[in-house]
Amino acid sequence: MNETIEQYKIIRSARRKTAAIQVDENGVSIRVPLWVTDQWIEDWVAKKQVWISHQQAVMSQNLKMFCLKTEKGAPFPFLGNEYFLDWCDGKRWDVVLEGDRLLVIVGKRRSSRKSDSERVEAYLKKWLKKQAEELISERISYWAQKKGVQYNSLKFKDFKRRWGSCSALGEITFNWRLVFADKSIIDYVVIHELSHLTHLNHSPEFWALVEKYCPDWKVRRSYLQTKNAWVLW
């Protein structure tokens with residue numbers, strides 16, 4: 001794709017008024033209003049091919065830099081701090097933060113065909129999900145009260161392309177991998193989703209509401225955009 005953008009996905013919407021290009025680990029998506037023709041899209045993509053290629057290169061670099069690995073000594077984020085992953089045998093499964101180490105205590109081995117790293121990854125995900133649920137539940141309660149809004153339900157999912165969502169029914173869902181990020185980043189996502197209870201869109205009014213409670217939301221959003229590789233672990 002260095003010379004031409006040969007493959008891309010077209011997504012048409014009756015609600016969309018402008019065209020946009022999205023580049024992520026799944027490829028290139030062109031989002032357009034219903035009335036836009038295939039020929040217009042082809043011409044537009046041709047004009048944007050340098051920009052698209054640049055975005056693909058940046059994304060590829062970020063994926064290599066921030067892709068998490070379940071290996072001893074591998075850098076591993078937790079609440080905005082970087083630790084080095086390690087594990088050792090013990091009586092019971094546990095996770096301990098020791099200085100710059102995130103140490104997984106591996107419980108007594110049971111009959112299993114899984115490797116140590118696979119077993120460690122499975123337990124570590126379970127532990128991280130619990131930490132995320134506890135912290136984000138506390139933060140959304142705080143911000144909901146501060147903003148004077150109510151949500152109907154709170155869930156945590158294994159999203160692969162987003163950090164959170166809010167439905168028209170007031171159901172808010174978060175990606176548990178937010179626990180990799182600093183609390184200030186978590187707060188931004190919480191504020192973002194709670195703001196959808198008032199504006200279920202990304203209109204200027206929506207962003208104005210986000211900015212009221214998170215003045216530097218652009219900085220925090222940009223930070224998250226560089227961490228897309230986290231959702232792949």
Between the stretch 113-142 and the stretch 166-200, the alpha-carbon center distance in angstrom: 18
Whole-Å distance, taken between Cα centres, linking the stretch 28-79 and the stretch 212-229: 17
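Given C-alpha coordinates of the stretch 26-148, what is the ratio Rg to Rh with the Kirkwood estimate of Rh?
Values: Rg = 22.1 Å, Rh = 18.8 Å.
Taking Rg over the Kirkwood Rh, I get 1.18.
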Where only protein heavy atoms count, and the probe is 1.4 Å, what is the accessible area per residue for the chain in Å²? 60
Cα convex hull volume per residue for the stretch 113-233, in Å³, equals 107
Please compute the length gained on full extension between residue 199 and residue 137, using 0.36 nm multiplied by the number of residues separating them and subtracting their Cα-Cα distance. 20.2 nm
Descending semi-axes in Å of the chain, equivalent ellipsoid built from Cα gyration tensor: 35, 26, 15
Can you tell me what share of the DSSP beta bridges in the chain is antiparallel? A percent to the nearest 5 is fine. 50
The percentage of the accessible area of the stretch 157-222 (probe 1.4 Å, all protein chains present) made up of carbon and sulfur atoms, to the nearest whole number, is 53
Among DSSP bridges having both ends in the stretch 145-215, what percentage is antiparallel? Round to the nearest 5. 40
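Given the Cα-Cα distance of residue 160 and residue 11 and 0.36 nm per residue of separation, how much length would full extension add, in nm? Please list the in-between numbers first.
Numbers: separation 149, 0.36 × 149 = 53.64 nm, distance 1.88 nm.
The residue 160-residue 11 span can extend by a further 51.8 nm.
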Largest first and in whole Å, what are the equivalent-ellipsoid semi-axes of the stretch 91-146 based on the Cα gyration tensor, each being the root of 5 times an eigenvalue? 30, 13, 8
Straight-distance crosslink candidates among lysines, where the alpha carbon sits under 27 Å from residue 212 and sequence neighbours closer than 8 are dropped: 17, 146, 147, 155, 183, 227
Out of every Cα pair in the stretch 177-233, what percent are spaced more than 16 Å from each other? 42
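State the volume of the convex hull built on the alpha-carbon positions of the stretch 144-199, expressed per residue in Å³ and rounded to an integer. It would help to have the intermediate numbers written out before the result.
Values: hull volume 4.5 nm³, N = 56.
Taking the convex hull of the Cα positions in the stretch 144-199, it is 80 Å³ per residue.
The values are calculated or read from the model by the stated rules, or taken from the named source; none is laboratory data. All values derive from a computational prediction rather than experimental measurement. Keep in mind that these areas ignore ligands, DNA and RNA; they rest on the heavy atoms of the full protein, side chains included. Shrake-Rupley method; radii C 1.70, N 1.55, O 1.52, S 1.80 Å.
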